[in-house]
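The structure appears right after this line, and notes come after that.
The values are calculated or read from the model by the stated rules, or taken from the named source; none is laboratory data. The structure presented is a predicted model; accordingly, all values stated were derived computationally and were not measured. When we count neighbours, we look across all protein chains shown, and the Cβ atoms used for this are built from the backbone with ideal geometry, even at glycine. With ligands, DNA and RNA removed, areas are computed over all heavy atoms of the protein, side chains included. Shrake-Rupley method; radii C 1.70, N 1.55, O 1.52, S 1.80 Å.
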Amino acid sequence: MNIEEIAKMAGVSRTTVSRFLNGGYVAEEKKERIGKVIEETGYRPSVQAQSLRTKKSRQIGVILPKINSDSISEMVEGISSVLGEKGYFLLLANTENNEKAELNYLDIFSRNKVDGIILIGTVMTEAHREAFSSLTIPFVLAAQQADGVSCVYYDDYGAAYALTNLLLDKGSAIGYIGVREDDKAAGYNRKHGFLAALNERGIRFDPSYGEVALFSMQSGYEQASELFARHPEIDSLFCATDHIAAGALLYLKGAGKSVPEQVRVAGVGDGKISRVTSPTLTSAHLYYNECGKKAAQILLERIAGEVPVQEIRLGYQIVERESTR
């Protein structure tokens, strides 16, 4: 089966079938006829031949920080749904939260002529900014914000601010378990949203009421242990991620502190884990799938031609569950 045969069966020209396969304009009625023939015959065009004709690889490099993360998998699902519909294939690179690996993959993908790159970012260093500025292929940053770069990110500051106010309405001694602040989204912005809510109420935050964790339940458990050993009077706990909060819940249960009667706990992300903890976890819902879709849509626009840098900040929704009720 080849293009000539597809064209004959669909009653259109070979050029029309070629435009259809390469994403060009085809009248709707002809598009339906060609699509029906392709579906009935199971025809699959040669990727190599398409690449030679269009000088496009039909491949997109996606650099992600952690492959076994619910939030990352939702983002990749969103990316895949948009790009797959346009005939692109994803090449996934897992960095295990190693910023040097991110830079290496940016270089590898750029030199191997993928049609575009999406980086699900972690930390933004000067080396990252230099790498972004030197890229010669379309590029989009997801889950982080950087000046001069097309990006899709979350209102981490607003989500943390709203959650902190919810906790302050119910308690008086608040603790904080965050992540490293060179992660602008989860570290810096969430902490500063937390601090802004306290400042608005005239509360000065004592650093001894805070800890810095890794992105894991185990680290959440360990840092909660350290925090409550110093300040057993804490009655409200803000955690920068759901996994950290889940670890804190395990610690509190083992320490004999009831949630939410003695301590209220909140996290950020509203991932699957927030619905299976005991008690279930109050969290800020972030639109991971939508972030992936928006990033892919912007990338397609950049592949199609020169477009201005775009920044999209997505909202959040506070989902209150048993851990603060």
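Pairs with C-alpha atoms separated by more than 19 Å, drawn from the list 86/294; 31/113; 31/86; 170/257, are 31/113.
Solvent exposure of the chain, expressed per residue, is 48 Å² of accessible area, with all protein chains present and a 1.4 angstrom probe.
Most fluctuating residue of 311, 39, 301 in a GNM of the chain with Cα springs under 10 Å: which is it? Highest fluctuation of the listed residues: 39. Quotient of the Cα radius of gyration of the chain and 2.2 N^0.38 Å, N being its number of residues: 1.21. Dividing the summed helix terms, -39500 (n - 2.57) for each DSSP H run of n ≥ 4, by the number of residues in the chain produces a 222 nm estimate of -14000 deg cm²/dmol to the nearest 500.
Once the Cα atoms are used to define both axes, helix 156-168 deviates from the longest principal axis of the chain by about 30 degrees. Among DSSP beta bridges whose residues both lie in the chain, state the antiparallel percentage, nearest 5. If I count the DSSP bridges inside the chain, around 10 percent turn out antiparallel. The magnitude of the dipole of the chain, with charges of +1 and -1 set on the Cβ of Lys/Arg and Asp/Glu and taken from the Cα centre, is near 960 debye. Measuring nothing but protein heavy atoms, the accessible surface of the chain at 1.4 Å probe radius is 49 percent carbon and sulfur. Set the Förster radius R0 to 25 Å, insert the Cβ-Cβ distance between residue 77 and residue 319 as r into 1/(1 + (r/R0)^6), and round the FRET efficiency to 0.05. Calculated transfer efficiency: 0.80.
Counting only alpha carbon atoms, the long axis of helix 288-304 and the longest principal axis of the chain meet at about 40°. Fully extending the segment from residue 98 to residue 4 would add 28.9 nm, taking 0.36 nm per residue of separation and subtracting the current Cα-Cα distance. Compute the label zone of residue 22 within the stretch 107-148: residues whose backbone N is under 17 Å from the point 7 Å along Cα-to-Cβ. It comes to 115, nothing else.
GNM remark for the chain: springs join alpha carbons under 10 Å apart, and the peak mean-square fluctuation among 136, 16, 125 falls on 16. Mind giving me the FRET efficiency for residue 306 and residue 133? R0 is 22 Å, r the Cβ-Cβ distance, nearest 0.05 is fine. With R0 = 22 Å, the Cβ-Cβ based efficiency is 0.85. Among 276, 268, 259, the largest mean-square fluctuation in a Gaussian network model of the chain (Cα springs under 10 Å) belongs to 276.
Taking 0.36 nm per residue of separation and subtracting the Cα-Cα distance, full extension of the segment from residue 147 to residue 66 would add 26.7 nm. On C-alpha positions alone, give me the angle between the axis of helix 70-85 and the longest principal axis of the chain, in degrees, nearest 10. With rounding to tens, the tilt is 20 degrees. Summing Lys and Arg as +1 and Asp and Glu as -1 over all other residues whose Cβ lies under 12 Å from the Cβ of residue 260 gives a net charge of +1.
Taking each residue as 0.36 nm, the span from residue 172 to residue 229 lengthens on full extension beyond its C-alpha to C-alpha distance by 18.7 nm.
Sorting 139-147, 242-250 by their mean Cβ neighbour count within 10 Å, with the most densely packed peptide first, gives 242-250, 139-147.
Spin-label model, residue 200/residue 86: points 7 Å from Cα along the beta carbon direction are separated by 3.8 nm.
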